[in-house]
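Scroll down for the structure; my scribbles are underneath it.
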Amino acid sequence: MKLVPVEHKLEDYELPDHLYLTGALDIEIDHVDGQPYIWAFQLSVHNGETGRTVEHCYQQGRSDNWLASVDLLRELHRDKRLMDDVFDACAVEGMWA
């Protein structure tokens, strides 16, 4: 079930200190376990050590997803604090709370 897009600002979470993420996450609720997951995102990742910025665009099920974007998706899902905040945002948006 797709929700009305929940935009979630990425701040400092558990990512390395030298990486700064900006952009939006599109969240969907898994119909099996009821947990939110990141269905798509458009993110800019700026590395403060190298001064480089890389754009990541990911959408679930697309065959042209860049491997680095898939790795970033895994990192975002592993960040417990981020996913807890996403769940809270979904609860408010879906009026679960």
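The values are calculated or read from the model by the stated rules, or taken from the named source; none is laboratory data. For clarity, every value in this text was computed on a predicted model and none was experimentally measured. Cβ: placed from backbone, ideal geometry, glycine included. Neighbour counts: every protein chain shown.
Side notes on the structure shown:
- Top-ranked residue in segment 3-21 [being loosely packed, with under 14 Cβ neighbours inside 10 Å and within 10 Å of the chain's Cα centre (by Cα); ranked as modelled with the highest pLDDT]: Lys9
- Matching residues in segment 24-53 - criterion: being at positive phi and modelled with pLDDT of 80 or more: Gly51
- Of all the numbered requirements in (1) surrounded by 12 or more Cβ atoms within 10 Å (Cβ to Cβ); (2) of a type in the set (Gly, Ala, Ser); (3) closer than 18 Å to Cys90 by Cα, Ser44 misses one, and that requirement is (3).
- Residue in segment 88-96 that is within 12 Å of the chain's Cα centre (by Cα) and under 14 Å from Asp26 (Cα atoms) present: no
- Look at (1) touching a Cys at 6+ places or on another chain (Cβ under 9 Å); (2) surrounded by fewer than 16 Cβ atoms within 10 Å (Cβ to Cβ) and you find that Ile29 fails only one, number (2).
- Within segment 46-69, the only residue that satisfies the criterion of being in contact with a strand residue (DSSP E or B) (Cβ under 8 Å, 6 or more places away or on another chain), over 13 Å from Leu21 (Cα atoms) and small (Gly, Ala, Ser) is Ala68.
- For segment 56-75, filtered to residues that are farther than 14 Å from Ser44 by Cβ and assigned to a helix (DSSP H, G or I), the residue that is farthest from the chain's Cα centre (by Cα) is Leu67.
- For Ala91, the criteria (1) over 18 Å from Pro16 (Cβ atoms); (2) hydrophobic (A, V, I, L, M, F, W, C); (3) modelled with pLDDT of 85 or more hold in every case but one, which is (3).
- Long-range neighbours under 8 Å by Cβ, at least six apart or interchain, first residue touching a residue at least 40 places away in the same chain (Cβ under 8 Å) within segment 54-75, second part of a loop (DSSP other than H, G, I, E, B): Glu75/Leu15
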